[in-house]
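Below you'll find the structure, written out as structure tokens, and then a few comments.
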Amino acid sequence: SVREHRTAVDWAEEIKYMVDEMYPEAEKIILVMDNLNTHKPSALYKAFKPEEARRIIKKLEIHYTPKHGSWLDIAEIELNVMTRQCLSRRIPDIETLREELS
């Protein structure tokens, strides 16, 4: 999703949405992520009560890409493609960005 910021709490809210809304029946959700400092299970404790954070964490299996292997980062590859195709210009606001990416 598109957000104005990329804080730890923003990340936690996205993970909760994924767990509760996108894959509510899944026993385990496997995440492959980069090592951004906000992409940590501790972010869930910043955003939610401890019981809720633990509930979400129990459904996750997290794998991080190598710190010095950004060429392996699928999300980075996707962002590079998007940049070349549609983001090589200034986008004036979040609504326009959402429209461009959908």
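In the list [x] 1.00; [y] 0.97; [z] 1.08, the label attached to Rg/Rh (Cα atoms, Kirkwood Rh) as derived from the coordinates here is [x]. In this simple spin-label approximation, residue 35 and residue 102 carry label points 7 Å from Cα along the Cα→Cβ vector, and these lie 3.6 nm apart.
Between helix 8-17 and the chain there is an angle of about 70 degrees, using the helix long axis and the longest principal axis of the Cα atoms.
Calculated from DSSP H runs of 4 or more alone, at -39500 (n - 2.57) each and per residue, what is the 222 nm mean residue ellipticity of the chain, nearest 500?
-12500 deg cm²/dmol
Calculate, for residue 75 and residue 55, the FRET efficiency according to 1/(1 + (r/R0)^6) with r their C-beta to C-beta distance and R0 25 Å; round to the nearest 0.05. The value I calculate is 0.45. Any chance you could give the angle, 0 to 90 degrees and rounded to 10, that helix 74-85 forms with the longest Cα principal axis of the chain? Roughly 20 degrees, rounded to the nearest 10. Within the straight-line cut-off of under 24 Å between alpha carbons, the lysines reachable from residue 16 are 28, 40, 46, 49, 58, 59, sequence neighbours fewer than 8 places apart in one chain being disregarded.
Bear in mind these aren't lab numbers, they're just calculated from the coordinates by the rules spelled out. Quick caveat, the model's predicted, so the values are computed rather than measured. FYI the Cβ positions are ideal-geometry reconstructions off the backbone, even for glycines, and counts take in every protein chain you see.
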